Structure formats: structure tokens, C-alpha cells
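No lab work stands behind these numbers, since they all come straight from the coordinates. What you see is a predicted model, and the numbers here were worked out from it, not measured in a lab. Heads up, the Cβs are rebuilt from the backbone with ideal geometry, glycines too, and the neighbour counts pull from every protein chain shown.
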Amino acid sequence: MKFEVKTEQNTFSQDLIWICLFSIFTSIALLLANICIELSEISKYYEINYRCKLIMVDKSAIHFKKLSKLTKQNSKQRIWDLCKQI
């Protein structure tokens, strides 16, 4: 009578590979999310800067409304102060 015992010696290495792949993909996803957040903040800054330049040239209510939405400032005086600082 012949008995065969199957042993899987690479089970540990397969689990280790999956854990490494999961950690690599997770870190890449977090890095990309961080980059997206930073780019949105940068674009918001440039949009505020652009709107302030428009207000300096053309003092229309539309530009004040758009800037008040971006900066969450309700007073025109505060928006003017912000634009003077920029």
C-alpha cells in the first residue's frame, strides 16, 4: 500500500505575496487620493486669484457671487480685503 502526503510548502509565500500586493495597491490609491486633494486645493486658489483679478477690472455682482461661494465670505468688504491681500 502506498500513501502520498501532499504538502504545500509555498502557502506561506503565496499569502505573503497577496499581502504585499494589497499593501502596494492600497498605498498607491492613498497617494493618488492625496494628489487629487492637493490639486483641487491648488486649482481653487488659482480660481480665487483669477476672480479677484476680474473684480479689479470689472466690478460686477456675478464675480462677487462666485467669489463668495468659493471663499464662503458674505460681505463685499471682506471679499475686497481678500483680493487686496492676493
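Express the Stokes-Einstein translational diffusion coefficient of the chain in µm² s⁻¹, to the nearest whole number, given a Kirkwood radius over alpha-carbon pairs, 10 °C and a viscosity of 1.306 mPa s.
So the translational diffusion coefficient is about 91 µm²/s.
Be a star and scan the range 71-86 for residues whose amide nitrogen sits under 17 Å from the point 7 Å along the Cα-to-Cβ vector of LYS59.
Inside the label zone: 75-85.
Just tell me the longest site-free run in the chain, where the sites are GluC sites (Glu not before Pro) in a DSSP loop having at most 15 other beta-carbon atoms within 10 Å.
9-86
Among SER40, SER13, SER23, which one shows the highest mean-square fluctuation when the chain is modelled as a Gaussian network with alpha-carbon springs under 10 Å?
Maximum fluctuation in the GNM of the chain, among the listed residues, is at SER13.
Once phi is turned into ³J(HN,Hα) by the Karplus curve 6.51 cos²θ - 1.76 cosθ + 1.60 with θ = phi - 60°, what whole-Hz value does each residue of the range 31-47 show in order, with x for glycine and proline?
Along the range 31-47, the couplings run 5, 5, 5, 5, 5, 5, 5, 5, 5, 5, 5, 5, 5, 5, 4, 5, 5 Hz.
By how many nm would the segment from SER43 to SER13 grow when fully extended, if each residue of separation counts as 0.36 nm and the alpha-carbon distance is taken off? Kindly include the intermediate steps, with their values, before the conclusion.
On the way: separation 30, 0.36 × 30 = 10.80 nm, distance 4.48 nm.
Roughly 6.3 nm would be gained on extension.
How big is the charge dipole of the chain about its Cα centre, in debye rounded to the nearest 20, if each Lys and Arg gets +1 on its Cβ and each Asp and Glu gets -1 on its Cβ?
It comes to approximately 920 debye.
How tilted is helix 61-71 with respect to the longest principal axis of the chain? Cα atoms for both, answer in degrees (0 to 90, nearest 10).
Result, in degrees: 40.
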